[in-house]
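No lab work stands behind these numbers, since they all come straight from the coordinates. Only a predicted model underlies this, so the values are computations on that prediction, with no experimental measurement involved. Heads up, the Cβs are rebuilt from the backbone with ideal geometry, glycines too, and the neighbour counts pull from every protein chain shown.
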Amino acid sequence: MRISYSPGYVAPLPKDHVFPMKKFSGLRDYLINNNVFKETDIVEPSMVDFANLYTVHTQRYGHGVWTGDLTKKEIRRMGLPWSKELAIRSRLAVQGTINTGLMALQDGIAGNLAGGTHHAMPDHGEGFCVYNDVAVAIKVLRQSKWVNKVMIIDVDVHQGNGNAAIFEDEPNVFTFSIHGEKNYPFVKPPSSLDVGLPDKTGDREYIQSLGDSLDKVFEKFTPDLIFYLAGIDPLEDDHFGRLSLTTRGLEERERLVIETVTQKEIPLALLLSGGYAPTILQTVEAHALMYKTAKEISAPYFH
């Protein structure tokens, strides 16, 4: 199984910033040190071409992120202070997701140790999301005729408003989001299927709801490729989560999604999305569950 990662995924942030930027390098080191992956499994992306970026983002915004030509309001809305390193990081992560989609089509399953920045809109970033990597990857892979029908399974605790808005009128892209109903974003454009959960939803109710929803989704739509946005922020101790999943529930979630997809032999691209556990190590360990589970499950299906 191959994974996308670049040391450039880590950009400097102020010390007191809530976004756990060090989780990207921390996850890479954890997966290597625990023998989940080898160094040779890592494919390092280059920066995405602007032509590909502009399949989703306006030229003014796409280029403005690169040059720093953004208003204070735009930077505040993005939630991350602008720097050249952030602009580089954002382009690297988008190409990492494009590469992950291609590797999944070739190998059956692949991952990006970043990505899933589902709040970014064509003309602005928000919610710690600069560019919408999944939307760009889908546009590029569809234009190149690698795929026709694509599904997004988004289990981040926050609704994937960017993907919902971007693909609202696109019948060949199915957007599914299961999230905290009362959580950010407070205006939620309709996905193909939205499942809003009440605060404090625990393991049993969550897994039941997710399983039922996946059954519905696959009755309606059979994709050529799936992007799985596996945010770990439904965990009970997440800084922004408001749901009550345990680590065991999170592991059960990963198993349910990955088994469901691999049994159908649909190529699967794994992405991180959000996660704000009390420490970087807890954040890393929670994200690592997806990759451990994927390695274990996918072996019988994809060789």
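Placing unit charges on the Cβ atoms only, positive for Lys and Arg and negative for Asp and Glu, gives the chain a dipole magnitude near 660 debye about its Cα centre. Restricting the trypsin sites (Lys or Arg not before Pro) of region 128-203 to loop positions (DSSP other than H, G, I, E, B) with no more than 10 neighbouring Cβ atoms within 10 Å leaves LYS145. State whether region 197-246 is rounded, prolate or oblate according to the following rule on the C-alpha gyration tensor (a ≥ b ≥ c being the square roots of its eigenvalues): a/c under 1.5 gives rounded; otherwise a/b larger than b/c gives prolate, and the remaining case gives oblate. Oblate. Extension gain for the segment GLU205 to LYS22, taken as residue separation times 0.36 nm less the Cα-Cα distance, is 62.7 nm to one decimal.
Pairs LYS38/LYS145; LYS139/LYS200; LYS22/LYS72; LYS15/LYS188; LYS188/LYS220: which exceed 28 Å Cα-Cα? Distance filter (> 28 Å) returns LYS38/LYS145; LYS139/LYS200; LYS15/LYS188. Listed values for region 39-54 are Karplus-derived 3J(HN,Hα) couplings in whole Hz (6.51 cos²θ - 1.76 cosθ + 1.60, θ = phi - 60°), namely 3, 6, 7, 8, 10, 8, x, 8, 7, 4, 5, 4, 4, 6, 4, 6, and x replaces Gly and Pro. Highest GNM mean-square fluctuation among ALA87, ALA114, ALA269, for the chain modelled with Cα contacts below 10 Å: ALA87. Each stretch of four or more DSSP H residues adds -39500 (n - 2.57); spread over every residue of the chain, this sum gives -13000 deg cm²/dmol at 222 nm. Taking the centroid of alpha carbons for each part, region 69-131 and region 202-217 are 28 Å apart. When the chain is treated as a GNM with alpha-carbon contacts under 10 Å, the residue of SER83, SER213, SER144 showing the greatest mean-square fluctuation is SER144. Shape class of region 137-260 from the Cα gyration tensor (axes a ≥ b ≥ c, square roots of the eigenvalues): prolate, since a/c reaches 1.5 or more and a/b is larger than b/c.
Note on THR262, THR55, THR40, THR222: ascending count of other Cβ atoms within 10 Å places them as THR40, THR222, THR55, THR262, the fewest first. Shown here for region 32-123: trypsin sites (Lys or Arg not before Pro) in loop regions (DSSP other than H, G, I, E, B) with at most 13 other Cβ atoms within 10 Å, namely LYS38.
For THR117, the residues whose modelled amide H falls within less than 5 Å of its own, excluding neighbours fewer than 5 places apart on the same chain, are ASP133, VAL134. Note on the chain: GNM, Cα springs under 10 Å; of HIS118, HIS179, HIS239, the largest mean-square fluctuation is that of HIS239. Distance from the Cα centroid of region 227-248 to that of region 249-303 is 13 Å (rounded to whole angstrom).
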